[in-house]
Amino acid sequence: MKKIISKKEAASLVKSNSTVMIGGFLDCGVPDKIIDELINTEASNLTLVLNDTSYPNVDKGKLISTDKIKKIITSHIGTNPITGQKMMEGKIEVEILPM
């Protein structure tokens, strides 16, 4: 088994209806390039498990801005108003967990 795969290969492993854990804190330590590739796949109806939803149009925030996400499990959404807006509109389910 290969231990290192390309960002495109990594993103292609994510299928619709998958749960995806994304590391990092705000915009530090986040797999930006894999997120960019994931945005370009056909995967949808995703559940994200992450520390926070970052900022609009940055790393995790770019992914949340798409229509690919059905649910977010996180500790913090306060820096990304798009998350709150989509939650209030019923477009994304948000489950807040304490750190």
Taking the condition modelled with pLDDT of 95 or more and not in a loop (DSSP other than H, G, I, E, B), does K15 pass? no
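Any chance segment 40-49 includes a residue that's over 18 Å from T19 (Cα atoms) and more than 9 Å from the chain's Cα centre (by Cα)?
From segment 40-49, those over 18 Å from T19 (Cα atoms) are none; that's our starting set.
Looking for residues that are over 18 Å from T19 (Cα atoms) and more than 9 Å from the chain's Cα centre (by Cα), one finds none in segment 40-49, hence no.
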So how many residues does segment 3-26 have that are open to solvent by 60 Å² or more (accessible area, probe 1.4 Å) and of a type outside the set (V, I, T)? 9
Exactly one of (1) in a strand (DSSP E or B); (2) open to solvent by 10 Å² or more (accessible area, probe 1.4 Å) is unmet by I72. Its number? (2)
Here is a list of conditions, (1) open to solvent by 20 Å² or more (accessible area, probe 1.4 Å); (2) in a loop (DSSP other than H, G, I, E, B), and S54 meets all of them except one; can you say which number that is? (1)
How many residues does segment 27-50 contain that are over 16 Å from I92 (Cα atoms), open to solvent by 40 Å² or more (accessible area, probe 1.4 Å) and assigned to a loop (DSSP other than H, G, I, E, B)? 5
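The values are calculated or read from the model by the stated rules, or taken from the named source; none is laboratory data. Everything quoted here is computed from the prediction, not taken from an experiment. In case anyone asks, the SASA skips ligands and DNA or RNA and just uses the protein heavy atoms, side chains included. Shrake-Rupley method; radii C 1.70, N 1.55, O 1.52, S 1.80 Å.
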